[in-house]
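Notes to accompany the following structure.
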Amino acid sequence: MGGAPGHLAPREMTIRIAVIGAGIMGTDHARIIAEDLPGATLQVVCDISEEQSRSLADECGAVDSETDANAVIEREDVDAVLIASTDDTHADLAIASISAGKPVLCEKPLASTARDCLQVVTLESRLEQPLLQLGFMRRFDKSYHEMRQTLEEGVMGRPLMMHNFHRNVVSPGSWFTSDMAITNSASHEFDIARYVLGCEYTSISVSTPRRSDDQAAPVMMVLETSDGQLVNIEVNNNAAYGYDVRSELVCEKGSVHLISESAARYDLDFQSTERYPADWRPRFAEAYRLQNKAWINAINTGQPSKIAANSWDGYCAAIAAEAGVRSLTEGTRVAVEMEEEPAFYRLLKEAA
Ligand SMILES: NC(=O)c1ccc[n+]([C@@H]2O[C@H](COP(=O)([O-])OP(=O)(O)OC[C@H]3O[C@@H](n4cnc5c(N)ncnc54)[C@H](O)[C@@H]3O)[C@@H](O)[C@H]2O)c1
């Protein structure tokens, strides 16, 4: 990050954050900032819906509420920007924040297209230090963290395959398509598998089974990596039974898989059960909290988090998703063809 922002309020020495987007994720982030983020203040809540921005600002004790995101980014009393508005707004708002010299935590995806991701990448790579942290919060999840650490320790041997399952109860609406399962939902898996394995994707094959109704069918993806591994990703947005994320990393000497701890077990009617959450928020609550803390720490120290995703990671997820959509449409295996990684991001990785 570009060091402590010059706008920091001198007496409070707190980072004054504007949250843009007061929907599901914006609400979560605003609550984390208000309740659990030492060194940060919720300064402004912004949503195109005046009612939503005011209501969230009131609930979380923000200083102000607004409807114009670009005006908010320019405000003197805003030091840093958290973008939690809809996908189509991310690239423009990220570019506005970076242009204003303000650190930004942008919800995934970085942009709706790989081309738009590259615009952010190009702008940011002209700076001395990155200003954008991307909200691939699974990197802060304890289970995935252990998976990556185990690989670094080398006890499992060479990694061969990573199996991933991403299941939601029901898709957000009839407009949600299998393409969106690839471009929106699967972006978490594209990022986390690439992060755990530490390599790039070279190809992707996507197919889909037939459902008995008109809801978006699951998508099954198989990716090959530059180091000769296979990554399977199942995304099922209409799984019905609960929110369920699974992952298993298969190596030559053993395998490691995620454990989703539930808080309680229920014994009833001759059965012992654990409950699934209705959505992703309880499952990844701690990861969001740690991610936001890492962001504040990066702003304070001027050192980007070694764990968090950056703009280039956002581009890598987007380019895999675009190849995935083509594979689904054309029914063939498609090469993932990436631009060359700018030295700016390569050096950051080497320094980590
Ligand atoms: N990291 C994760 O696990 C995770 C999970 C869910 C969603 N997301 C991402 O978070 C973002 C928000 O998702 P959500 O589920 O909260 O959506 P949502 O629809 O509940 O909320 C989005 C809000 O953004 C507002 N908005 C749209 N354009 C705006 C603009 N120009 N300025 C200000 N406000 C604007 C909308 O009015 C809406 O209130 C999406 O990009 C989504 O992909 C991330």
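No lab work stands behind these numbers, since they all come straight from the coordinates. Bear in mind that the values here come from a model prediction, so they are computed numbers and not experimental data. For neighbour counting, all protein chains shown are included, and Cβ atoms are generated from backbone atoms with ideal geometry for every residue, glycine included.
Annotation for region 67-108 versus region 275-352: alpha-carbon center distance of 18 Å. Here the Karplus relation 6.51 cos²θ - 1.76 cosθ + 1.60, evaluated at θ = phi - 60°, turns the backbone of region 150-167 into coupling constants of 4, 5, 5, 5, x, 5, 8, x, 5, x, 10, 9, 10, 9, 10, 10, 9, 10 Hz, with x for every Gly and Pro. Ordering P103, L127, T113 by Cα displacement along the dipole of region 5-136 toward the positive end leaves L127 in first place; charges were set at the Cβ atoms of Lys, Arg (+1) and Asp, Glu (-1). The ellipsoid equivalent to the alpha-carbon distribution of region 251-339 has semi-axes of 33, 26, 14 angstrom, derived from the gyration tensor eigenvalues as √(5λ) and listed largest first. Largest first, the extents of the alpha carbon coordinates of region 30-100 on the three principal axes equal 28, 27, 22 Å. For region 183-243, the set of chymotrypsin sites (Phe, Trp or Tyr not before Pro) satisfying both a DSSP loop assignment and a count of at most 11 other C-beta atoms within 10 Å is given as Y241. Compactness of region 290-346, taken as the C-alpha radius of gyration over 2.2 N^0.38 Å, stands at 1.54. Where both bridge residues fall in region 146-262, DSSP classifies roughly 75% of the beta bridges as antiparallel.
If both residues of a DSSP beta bridge must be in the chain, then about 55% of such bridges are antiparallel. Binning the C-alpha pair distances of the chain at 20 Å intervals from 0 yields a P(r) profile of 30, 58, 12, 0 %, listed from the shortest bin outward.
As a size descriptor, the averaged projected area of the C-alpha convex hull of region 76-186 was calculated at 10.2 nm². Inverting the pair-averaged 1/r between distinct Cα atoms of region 1-156 gives 16.2 Å as its Kirkwood hydrodynamic radius.
In order along region 274-288, phi translates into HN-Hα couplings of 10, 9, 8, x, 7, 8, 6, 5, x, 4, 10, 4, 5, 5, 4 Hz, rounded to whole numbers, per the Karplus curve 6.51 cos²θ - 1.76 cosθ + 1.60 with θ = phi - 60° and x for Gly and Pro. In this simple spin-label approximation, D77 and Y266 carry label points 7 Å from Cα along the Cα→Cβ vector, and these lie 4.7 nm apart.
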